[in-house]
Amino acid sequence: VPELTAGHLRSVDALVGEWRGQGGVWLPGDFVARRVRGRLCVERGN
């Protein structure tokens, strides 16, 4: 994923360590990070 900022990384980190059912995190380059069945997945957004 190109051009990640510290803010992006903090948001993705919250998906791992502070997950409370929140949705995915949009990232540069039309990517999205989300939790799927307890795993972190990064994929192209739709």
### Task
Read through the list (1) out of contact with any Pro (no Cβ under 6 Å at 6 or more places or on another chain); (2) open to solvent by 60 Å² or more (accessible area, probe 1.4 Å); (3) at pLDDT below 90, then give the number of the only condition that Gly45 fails.
(2)
### Query
For segment 23-46, what are the residues that are part of a strand (DSSP E or B), basic (Lys, Arg) and farther than 13 Å from Leu9 by Cα?
Arg35, Arg39, Arg44
### Task
Select, from Trp26, Trp19, the only residue that is open to solvent by 80 Å² or more (accessible area, probe 1.4 Å) and modelled with pLDDT of 90 or more.
Trp26
### Message
Here's a check for you: in segment 1-16, which residue that is surrounded by fewer than 16 Cβ atoms within 10 Å (Cβ to Cβ) and among the β-branched types (Val, Ile, Thr) is modelled with the highest pLDDT?
### Response
Thr5
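The values are calculated or read from the model by the stated rules, or taken from the named source; none is laboratory data. This structure is a prediction, so every number in the text was calculated from the model and none was measured. Glycine also receives a Cβ, built like all others from the backbone with ideal geometry; neighbour counts cover every protein chain displayed. What goes into the accessible areas is simple: the full protein's heavy atoms, side chains included, and nothing from ligands, DNA or RNA. Shrake-Rupley method; radii C 1.70, N 1.55, O 1.52, S 1.80 Å.
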